[in-house]
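Encoded as structure tokens, the structure appears first; notes follow it.
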2 protein chains.
Amino acid sequence: MTTTATTARERMLLAKEASRSVGLLSDTAKRDALEAIARGIESATGEIVAANAEDLERGRSAGLSVALQDRLRLDEPRVASLAAAVREVAELPDPVGRVLDTRTLANGVALTKVAVPFGVVGSIYEARPNVTVDIAALALRSGNAVVLRGGTAAERTNAALVRAMRGALAEQGIDPEAIQTVDDFGREGARELMQARGIVDVLVPRGSAQLIETVVTESSVPVIETGAGVVHIVLDSTARLDWARDIVVNAKTQRPSVCNSVETVLVVKDAAPRLVPPVVEALRGSGVTVHGDETVSSLATDVVPATDEDWSTEYLSLDIAMRVVDDLDAALDHIRRYSTHHTESIITDDPAHAERFLAEVDSAVVMANASTRFTDGGEFGFGAEVGISTQKLHARGPMGLSELTSTKWLARGVGQVRD
Amino acid sequence: MTTTATTARERMLLAKEASRSVGLLSDTAKRDALEAIARGIESATGEIVAANAEDLERGRSAGLSVALQDRLRLDEPRVASLAAAVREVAELPDPVGRVLDTRTLANGVALTKVAVPFGVVGSIYEARPNVTVDIAALALRSGNAVVLRGGTAAERTNAALVRAMRGALAEQGIDPEAIQTVDDFGREGARELMQARGIVDVLVPRGSAQLIETVVTESSVPVIETGAGVVHIVLDSTARLDWARDIVVNAKTQRPSVCNSVETVLVVKDAAPRLVPPVVEALRGSGVTVHGDETVSSLATDVVPATDEDWSTEYLSLDIAMRVVDDLDAALDHIRRYSTHHTESIITDDPAHAERFLAEVDSAVVMANASTRFTDGGEFGFGAEVGISTQKLHARGPMGLSELTSTKWLARGVGQVRD
């Protein structure tokens, strides 16, 4: 089901118009819509895989790296898992209509604060076709229309996915204009989306630090900043060796390419001789390259000398920076300087140090004695994840469906006026 | 107590640094700080009134209107009321540290979502010296440092107020750099404040629609948009005349200069002959000029013909626009087109129409049978008002102290790693 709109702005206006009816859909109607989308994606598997093959062919000719080709690839099992993900979102509780506060004024006016959809959610992301389906499903489940702008490398795949999803909406009697893509307008589409203040209510960028920075800087639409994680683990004087070693190795190697993986380990000086050699050895045993300062290099072998740049690097690979600091204060200073305010953890047996760290570190998630890999909507029990907000406005940390809603006050009176 | 910083950026960095200790202050320490500020303002009354006299003299020479001079004026009773307002904020409950959610993962990691201060709150506003004190008190009560940029017409008054407040903080052993003004850097100060992303955590503009538009457009710091109110009241077919008349007159005349006063009345056609004549007469009896469409003019006397511009005008004066519409759908269409999403109310005796209006109007506060003047932090029982948010991100409608906080997830484990 393709749209008749011929400009990015027209499509966004159609999404705005559609958001009115989508915002009023019942829980059941939204669930049925997502089930129809899942079926629609399954029925269109052939078309989607064929479109994806064209994108892949174009990517190969353009010299797209093997890793990016893999990220872009949709085969039949992957299409099936897209549909399954939509069904999971369908099963989540409806975040719209929740009563968040009630008050009765002295004069009897009854106030109710309820959760309402934002209206139109925009997303700018890279060439991961799964994001196209994820964001559309999450937006619709929370009663929003959606305007998508994925990477041009996935343009045909995204077009096929959007066509299947729009067809499913139409089949359910829901305005298909609730799902829009502006992929085919290239950079201009992204620019118009970022400037659509008053039409698009919130913009969620997903992807590299550079993509997010661009959106934050250029957008006049309110943005929820997600993602970049220069994540720290502090090994305190009293850290247990087994916890220190297991948590650092887990936080680095369990899935190195994601934002909640650790990038820098700070070891408090008096624990360095005890902890650095076995932790470095364990990391190396897991294939990790350690970029260490002079003290680390003096305590362990095969350490690459760290430069200042390492402290602000989000490797997203089997690399880790390690530095020895004088004390907890010095660790907090380092974090204040280099953290991206995503997740930091301290390994300590001193409850006062743990509580001080939890209180003073200014990040979305602050941990004591746990792996930073737990910063995740699924792990937190949200059932789905819109992204991980690293800003302080509206949402902070893993965002579930309820973070795609705003609020509205309803006031019911019987003729009251203000004195 | 004056600062040593010589640039706007240096001052903002000092505020950021101060926010670390201010954010950790206890409820009692913050209350004591506000009490000290109230006393400090009282002790400095002579200095403040003298500084204000210089601003007023400068304003008179520059041809400042009598209304603006009055808004700027601080005499002894007004200074006393500033101090009293600070004491009221001191008595409000501490919004920091509230536990907003708790979860325990299957592996035993304990999660707690707590309210934390934003860090540094910025505000750009016009030449109302009371805002200088209001915002500083609200920011400090919620554990934030504050950077103020008031109108240049109030520069000396603001400087005297800020000096008194900083002195009070120092006297309490609190870092006085937590209160900063960038007034003396003129437009450049405002520009630097709007670009201080990463230093200033949130910016709250207060003032005219134009000021707010400028801040929203030019700021890279996240903004909470407040204020502009093209507020509508719909008189439905079944509206009771007494409610219609009393609510429209109250919403227009009780305080015409504020954002929650009504600007446009939409009358459903079949009720127009019954409602328009007495409502217009009551408005005229209260000194209101009615700008009406042709139907309104044909039903009542002394109506000024309305032009299209009237539908989007926020008069903030004893003027009101009135239009007859075909039905509730037409009223909703008009509101969709012209509303600033602040407050709208319907007067109706039809419960289905009331509920439809409440569900479909996309504004911060939507009312049935009540005066729009109730959209107010004080009326809502918040005890203080930071402003009225007309955006959907983070806060919507009247903002209390808790809207000046963000959140943080704390995770406490015993060595857990992710499978």
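Below are the figures for this structure:
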{"read-out": "Condition broken by A:His342, with the remaining ones in (1) buried (at least 24 other Cβ atoms within 10 Å of the Cβ); (2) at the interface with chain B (Cβ under 10 Å from one of its Cβ atoms); (3) over 18 Å from A:Thr238 (Cα atoms) satisfied", "value": "(2)"}
{"read-out": "Some residue of segment B:203-224 being in a strand (DSSP E or B), touching a Pro at 6+ places or on another chain (Cβ under 6 Å) and either of a type outside the set (A, V, I, L, M) or under 27 Å from B:Cys259 (Cβ atoms) (or both)", "value": "no"}
{"read-out": "Matching residues in segment B:347-363 - criterion: being aliphatic (A, V, I, L, M) and more than 7 Å from chain A (Cβ to nearest Cβ)", "value": "B:Ile347, B:Ala352, B:Ala354, B:Val361"}
{"read-out": "A:Val215 being surrounded by 16 or more Cβ atoms within 10 Å (Cβ to Cβ), touching a helix residue (DSSP H, G or I) at 6+ places or on another chain (Cβ under 9 Å) and not assigned by TED's automatic domain parsing to the domain that holds A:Asp333", "value": "yes"}
{"read-out": "Strands (runs of 3 or more DSSP E) contained entirely in segment A:65-132, each with at least 1 residues that are out of contact with any helix residue (DSSP H, G or I) (no Cβ under 8 Å at 6 or more places or on another chain)", "value": "A:99-104, A:110-117"}
{"read-out": "Every residue from segment A:4-50 that is touching a strand residue (DSSP E or B) at 6+ places or on another chain (Cβ under 7 Å) and either outside any helix (DSSP H, G or I) or small (Gly, Ala, Ser) (or both)", "value": "A:Ala15, A:Ala18, A:Ser19, A:Gly23"}
{"read-out": "Helices (runs of 4 or more DSSP H) (entirely within segment B:227-336) containing at least 1 residues that are within 30 Å of B:Gly378 (Cβ to Cβ) and of a type in the set (Val, Ile, Thr)", "value": "B:241-253, B:272-285"}
{"read-out": "Check on B:Asp302, more than 17 Å from B:Val230 (Cβ to Cβ) and charged (D, E, K, R)", "value": "yes"}
{"read-out": "Test: A:Pro77 is in the same structural domain as A:Ala51 (by TED's automatic domain parsing) and in contact (Cβ under 8 Å) with a residue 12 or more places away in the chain", "value": "no"}
{"read-out": "Count of residues meeting criterion [among the aliphatic types (A, V, I, L, M) and either free of Cβ contacts under 8 Å to residues at least 12 places away in the same chain or surrounded by fewer than 16 Cβ atoms within 10 Å (Cβ to Cβ) (or both)] in segment B:30-67", "value": "5"}
{"read-out": "Candidate set: segment B:287-312, residues that are within 18 Å of B:Val234 (Cβ to Cβ) and of a type outside the set (A, V, I, L, M); chosen: the one surrounded by the fewest Cβ atoms within 10 Å (Cβ to Cβ)", "value": "B:Ser312"}
{"read-out": "Exclusive hit being crowded, with 23+ Cβ neighbours inside 10 Å, on the phi > 0 side of the Ramachandran plot and of a type in the set (Gly, Ala, Ser), set B:Gly415, B:Gly387, B:Gly383", "value": "B:Gly387"}
{"read-out": "B:Arg71 vs. criteria more than 27 Å from B:Met194 (Cα to Cα) and in contact (Cβ under 8 Å) with a residue 12 or more places away in the chain", "value": "no"}
{"read-out": "Selected residue [hydroxyl-bearing (Ser, Thr, Tyr), touching a His at 6+ places or on another chain (Cβ under 9 Å) and more than 8 Å from chain B (Cβ to nearest Cβ)] from A:Thr226, A:Thr238", "value": "A:Thr238"}
{"read-out": "Options A:Gly167, A:Gly173: the member that is without any contact (Cβ under 8 Å) to a residue 40 or more places away in the chain and not assigned by TED's automatic domain parsing to the domain that holds A:Leu316", "value": "A:Gly173"}
{"read-out": "B:Arg163 among the basic types (Lys, Arg) and within 29 Å of B:Cys259 (Cα to Cα)", "value": "no"}
{"read-out": "Complete set of residues in segment A:241-257 that are without any contact (Cβ under 8 Å) to a residue 60 or more places away in the chain and either surrounded by fewer than 18 Cβ atoms within 10 Å (Cβ to Cβ) or more than 11 Å from chain B (Cβ to nearest Cβ) (or both)", "value": "A:Leu241, A:Asp242"}
{"read-out": "Of the criteria (1) away from chain A (no Cβ under 14 Å); (2) surrounded by fewer than 20 Cβ atoms within 10 Å (Cβ to Cβ), which one B:Val147 fails", "value": "(2)"}
{"read-out": "Given (1) within 28 Å of B:Asp201 (Cα to Cα); (2) within 14 Å of another protein chain (Cβ to nearest Cβ); (3) in contact (Cβ under 8 Å) with a residue 12 or more places away in the chain, index of the condition A:Asp329 fails", "value": "(3)"}
{"read-out": "Matching residues in segment A:364-419 - criterion: being more than 30 Å from B:Ser371 (Cα to Cα), at pLDDT 95 or above and at the interface with chain B (Cβ under 7 Å from one of its Cβ atoms)", "value": "A:Ala364, A:Val365, A:Val366, A:Met367, A:Ala368, A:Asn369, A:Ala370, A:Ser371, A:Arg373, A:Phe374, A:Arg396, A:Gly397"}
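Residue-wise test of (1) surrounded by fewer than 18 Cβ atoms within 10 Å (Cβ to Cβ); (2) closer than 23 Å to A:Ala18 by Cα; (3) in contact (Cβ under 8 Å) with a residue 12 or more places away in the chain.
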site: A:Ala83; (1), (2), (3): no, no, yes
site: A:Arg87; (1), (2), (3): yes, yes, yes
site: A:Asp94; (1), (2), (3): no, yes, yes
site: A:Leu100; (1), (2), (3): yes, no, yes
site: A:Arg103; (1), (2), (3): yes, no, no
site: A:Ala110; (1), (2), (3): yes, no, yes
site: A:Pro117; (1), (2), (3): no, yes, yes
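The values are calculated or read from the model by the stated rules, or taken from the named source; none is laboratory data. Since the structure is predicted, the reported quantities are computational estimates derived from the model, not experimental observations. Counting neighbours? That spans all protein chains shown, and the Cβs are built from the backbone with ideal geometry, glycine included.
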